[in-house]
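Written out below as structure tokens is the structure these notes cover.
The values are calculated or read from the model by the stated rules, or taken from the named source; none is laboratory data. Small disclaimer: the values here were computed from a predicted structure and weren't measured. For the accessible areas, the whole protein counts, side chains as well, though only heavy atoms, and no ligand, DNA or RNA atoms are used. Shrake-Rupley method; radii C 1.70, N 1.55, O 1.52, S 1.80 Å.
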Amino acid sequence: MEHIQSFQPLEFDNDLQKQLYSRITHDPRHVDELVRDLAVDTATVLQELSIMEIHGKVKKVGVETYVGI
């Protein structure tokens, strides 16, 4: 019998993480673009991306560039 894995929606700690993820799901984005798009300071964006990376939701693919996984 084949095991079928069911889709589990991602859970985020806050709305900023949801907004970040929605902007980097398909195409890698530089932190500066995210800061500009979301009008949030750089330190906050980097902090949230680091937490998301630890939890396996995003991956750093270049210098301050992230993509959703």
Mind grabbing the accessible area of Asp41 for me, 1.4 Å probe, Å², rounded to tens?
90
If you line up the long axis of helix 42-54 against the longest principal axis of the chain, both from Cα atoms, how many degrees apart are they, to the nearest 10?
20
Averaged over all directions, how much area does the convex hull of the C-alpha atoms of the chain cover when projected, in nm²?
5.3
